[in-house]
Structures are given as structure tokens and as C-alpha cells.
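S.K.: One structure, as C-alpha cells, below. Some questions next.
Just so it is clear, none of the values below were taken in a lab; they were calculated from the coordinates. The structure displayed is predicted, hence computed values, not measured ones. Because the Cβ atoms are built from the backbone with ideal geometry, glycine has one as well, and the counts that use them run over all protein chains shown.
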């Protein structure tokens, strides 16, 4: 036990730092180190902008006497959807939010069970409307529903586009053809 306490004493005295050496090293580093800090750059003052058009027309208002032009004039000789008809329930959803859950027939008429992404279930047959772009079901066969949609072409006319919903497509995974 005596040897152990002697060993601990020697170990503790050997680990104590020499404070004088540390102070000498710090003072030597402070004397030999040169501090060079760059001065801040000079910024030139920009004159304040003076708005001098207080009495003129605001650029955000239309000039008086000028009539606004229609951006997309409706053309008479091109395809247009029927805006006046009453919308059907499935026209509240985009085709990407619809999925086919099954098919059934009644009195030789084929129906598709279509589920919307909010969980509501609807039955639809050929001629029924669905989708946000004036879609119309044109065919129900072989486990798929064929849809004809009308999309604006940017010139005031509308173009037809074919789309297909299948049993394997889920809401958000529309199989467009």
C-alpha cells in the first residue's frame, strides 16, 4: 500500500504543468506575432431616387377610353365544349384522382364502378361525364374505360384527347393513351 501511494504521489507531481514555461511561451508568441487587419473599403453614397411622375397615370391602371382586349378570343369555326350544361358528380375530380374498382352489367348495359381519391364510389356508363376537362366515357370494355377529354389549345379552340382508366391504375396513376 505504501508503494502504491508513493507511485500516485510521483505521478501527480509529474503531471502538474510548469506555469512559468507556459507564461514564457505565451509572451513569446505575442511578441513575434504581427496583427494585420485590412481597413474597411470606402463606399460611395448613391443619391436617393426622386419620383417625379406623381401627376401622371399609374402604370398599373388602364388608360381611359381604352377597352381591354380578350386574350383568347373564341373562334366560331372550331370545337368548343358545352359550358351551359349541368356538370355530373365525377366532373369534380381530375382523371388522375379516379380509379376503377370494378364492372357490372344490368339490362345489357355495362357500368364501371369508379372511386374518387376522397373515397366516394360512383357508377358510370358510356356517355357519362368525368374529369376536369369535359371528359366523356366513350367505351367500357376489356377491363378499361376509354375517355375523350377536351383540352384548350391556347388559341380559343379545344382539341380532343384520348385517355384510358384501367383496373390497375390507382388514383394518381392515370394510364393516358
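S.K.: For segment 99-113 and segment 23-41, what is the separation of their C-alpha centers, rounded to whole Å?
M.R.: So the two Cα centres are separated by 87 Å.
S.K.: Tell me, rounded to the nearest percent, the portion of alpha carbon pairs in segment 103-167 spaced more than 18 Å apart.
M.R.: Numbers: 824 of 2080 pairs.
So the pairs more than 18 Å apart make up 40 percent of the total in segment 103-167.
S.K.: May I pose another question? Please give, to one decimal in nm, the separation of the simple spin-label points placed at residue 162 and residue 48, each 7 Å out from Cα toward the Cβ.
M.R.: 6.9 nm
S.K.: Compare the peptides 41-49, 107-115 by average per-residue count of other Cβ atoms within 10 angstrom and give them in order, highest first. Present the calculation step by step, with values, prior to reporting the outcome.
M.R.: Values: 41-49: 5.2, 107-115: 14.4.
Listed from highest to lowest mean packing, they are 107-115, 41-49.
S.K.: For segment 19-58, what is the convex hull (Cα atoms) projected area averaged across all directions, in square nanometres?
M.R.: Projected over every direction and averaged, the Cα hull of segment 19-58 covers 6.6 nm².
S.K.: Mind pulling up the Rg/Rh value for segment 71-130? Radius of gyration and Kirkwood radius, both on Cα.
M.R.: Reported Rg/Rh, Kirkwood definition of Rh: 1.11.
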